[in-house]
Amino acid sequence: MLRFLVARTGNPVEAEDLLQELWLRTREAPPGPIANGRAYLYRAAQNLVLDRIREARRREARDKDWSDSQAETIAGDRVDPQPRALDAMIAREDNAALHAAIARLPEGAGRAFRLHKLEGLPHAEVAARLGISRSGVEKHIAVAMAHLRRALEN
Amino acid sequence: MNEDIHEAAARWHVAQQHDDMKWCGFTCWLEADPRHRLAYDEIALLDARIDAALPGPAVRGGTSEMPMRGFPRWAVGSGIAAAATIALALGIGFQGEQPEAPAAREFASAARTTRTVQLAHGVTASLGAGSRLSEPEAGGPMRLRGSAFFNIRHDPARSVVVEVDGYRIRDVGTRFAVNSANGVLSLSVEEGTVALQLPGQTSETLVAAGQEAIAQAGRVTLRPARVANIASWRSGRFVYDQTPLALVAADIARYTGQPVSVSGPAAQRPFSGVLAPGDRQAMVSTLTQLTGLHAESDGQTVRLVDRTGG
């Protein structure tokens, strides 16, 4: 597990820290019906790593947002609503770009991606619906995500 | 960066939800080239962003209401409160029952949404789903029901007092989160120091940055809090670290807008784990899997019970 965390974070110190946290959490969690302990542990580790990455990025954004909002407010009155409106507009455009990119996905990949992500079907059901193997579905979804990443990169 | 790397990263990412994921193979792939890890980070973040942007995709039959990471709706009124002290009173279970306060500005967040509001004196409050906050225009006590994260600008001329079900929280310029339900109070401090006074007591317990105070039944315990996890609902997830199940159940109930309760000794049991927002059934099912508790429904309320008899 430590080897995985080092590989996943690229940082042996952080990996040790995460392993500690993972260990604490699993030890504290009352034993429950967990079907596959190993997969569960790895997925929990993945979530911890992702949370840290997201937190780091969010912190940067939040620090900026906070100083932005300071300029706006005097004793509860919003002085200039412009920056907030602008933020919302940018966020809306981000969402619109995401939806547009999803609409432009190649056909097979797009169908598998939409069935799984928009309609919430598990891989196996998407496979049955499209008449392909589960691994085929995973391939399609992976292609779709690589496409989306490129489309949203700029 | 090479497109094949991102596709490979996405394949690993997609495969991990199955129990037959080759974790050793994934580790080797990550180790083979440092670019693999960066590509994987990008894909995982993109996936999280997609899940946040698409209405309720992961939950079948779930409603397509606003996702949790909605934009804060900035509700700003015009009352200038003159009082130097702001008091917040957090009432447990006074649903539908208006406090007899004079004219006040009311802020409420619906189920499945969070909301950030700017209040007087440089106070910003982010309300968790299904929570309510009222700020009297005259500057009297504020009332909060549910959970909220407060960001209070430092001002040496005043201190902010939060009254929570008889608890008093006093601070000068800080960031902290409060969650209260079923007689249990959690207070996590991200920055600065706040003083917590228990009902009927005169002494204060100091809670410093990076600490969480859990108060129930006239007792308070302090423990370290991971700053990254404070009011984690703001980022679309409920992260718990040794949190009493009473608060976890209340979070689910407020988020989904449907009653969830846990009673008896199980209510005090600490829970650690991560809950993704979803419909009540999905969230309760994750919780029961992680805790070993059983969910019983009478058609209205879902009750979490310990069938092992302790």
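The values are calculated or read from the model by the stated rules, or taken from the named source; none is laboratory data. These numbers were taken from a predicted model, which means no experiment stands behind them. Using ideal geometry, Cβ is built from the backbone for each residue, glycine included, and neighbour counts are taken over all protein chains shown.
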Scan the stretch B:287-300 and give yes if some residue there is within 24 Å of B:Asn151 (Cβ to Cβ) and either free of Cβ contacts under 8 Å to residues at least 12 places away in the same chain or surrounded by 22 or more Cβ atoms within 10 Å (Cβ to Cβ) (or both), otherwise no.
no
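Does the stretch B:104-124 contain any residue that is surrounded by fewer than 14 Cβ atoms within 10 Å (Cβ to Cβ) and at pLDDT below 80?
Restricting attention to the stretch B:104-124, the residues satisfying the condition of being surrounded by fewer than 14 Cβ atoms within 10 Å (Cβ to Cβ) are B:106.
Of the ones still in play, those that are also at pLDDT below 80 are B:106.
Yes: one or more hits.
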Quick check on the stretch B:176-188. Is at least one of its residues surrounded by 16 or more Cβ atoms within 10 Å (Cβ to Cβ) and in contact with a Gly (Cβ under 6 Å, 6 or more places away or on another chain)?
no
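Kindly indicate which of B:Arg143, B:Arg175 is touching a residue at least 12 places away in the same chain (Cβ under 8 Å), more than 13 Å from chain A (Cβ to nearest Cβ) and either within 21 Å of B:Ala250 (Cβ to Cβ) or in contact with a strand residue (DSSP E or B) (Cβ under 8 Å, 6 or more places away or on another chain) (or both). Give the derivation first.
Working: B:Arg175 fails: more than 13 Å from chain A (Cβ to nearest Cβ).
Exactly one of B:Arg143, B:Arg175 is touching a residue at least 12 places away in the same chain (Cβ under 8 Å), more than 13 Å from chain A (Cβ to nearest Cβ) and either within 21 Å of B:Ala250 (Cβ to Cβ) or in contact with a strand residue (DSSP E or B) (Cβ under 8 Å, 6 or more places away or on another chain) (or both), namely B:Arg143.
Scanning for something at pLDDT 50 or above, under 30 Å from B:Gly257 (Cα atoms) and not assigned by TED's automatic domain parsing to the domain that holds B:Ile169, does the stretch B:30-41 turn up at least one residue?
Just the residues of the stretch B:30-41 that are at pLDDT 50 or above, to begin with: B:30-41.
Going one step further and asking which of them are under 30 Å from B:Gly257 (Cα atoms), we end up with none.
Checking the stretch B:30-41: not a single residue is at pLDDT 50 or above, under 30 Å from B:Gly257 (Cα atoms) and not assigned by TED's automatic domain parsing to the domain that holds B:Ile169.
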Just give me the residues in the stretch A:107-133 being assigned to a helix (DSSP H, G or I), farther than 22 Å from A:Asn95 by Cβ and facing chain B (nearest Cβ under 8 Å), in sequence order.
A:His123
Lone unmet requirement of (1) outside any strand (DSSP E or B); (2) at pLDDT 90 or above; (3) surrounded by fewer than 19 Cβ atoms within 10 Å (Cβ to Cβ) for B:Val284
(3)
Failed condition for B:Val248, given (1) within 13 Å of another protein chain (Cβ to nearest Cβ); (2) in a strand (DSSP E or B), with all others met?
(2)
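If you scan the stretch A:12-26, which residues turn out to be exposed (fewer than 15 other Cβ atoms within 10 Å of the Cβ) and in contact with a Ser or Thr (Cβ under 9 Å, 6 or more places away or on another chain)?
Restricting attention to the stretch A:12-26, the residues satisfying the condition of being exposed (fewer than 15 other Cβ atoms within 10 Å of the Cβ) are A:12-13, A:16, A:20, A:23-24.
The answer is A:Leu24, and nothing else.
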I'm checking my understanding of the structure. Among residues of the stretch B:301-310 that are touching a Gly at 6+ places or on another chain (Cβ under 8 Å) and either in a loop (DSSP other than H, G, I, E, B) or without any contact (Cβ under 8 Å) to a residue 40 or more places away in the chain (or both), which one is surrounded by the fewest Cβ atoms within 10 Å (Cβ to Cβ)?
B:Thr308
Which residues, taken from the stretch B:221-246, are out of contact with any Phe, Trp or Tyr (no Cβ under 9 Å at 6 or more places or on another chain) and surrounded by fewer than 18 Cβ atoms within 10 Å (Cβ to Cβ)?
B:Thr221, B:Leu222, B:Arg223, B:Pro224, B:Arg226, B:Val227, B:Ala228, B:Gly236
Working only within the stretch B:257-271, note down all residues that are within 14 Å of another protein chain (Cβ to nearest Cβ) and surrounded by fewer than 19 Cβ atoms within 10 Å (Cβ to Cβ).
B:Pro265, B:Gln268, B:Pro270
Of the numbered conditions (1) under 17 Å from B:Ile50 (Cα atoms); (2) within 12 Å of another protein chain (Cβ to nearest Cβ), A:Arg104 fails exactly one; give the number of that condition.
(2)
Exactly one condition in (1) touching a helix residue (DSSP H, G or I) at 6+ places or on another chain (Cβ under 6 Å); (2) assigned to a strand (DSSP E or B); (3) not hydroxyl-bearing (Ser, Thr, Tyr) is not met by B:Glu296; state its number.
(1)
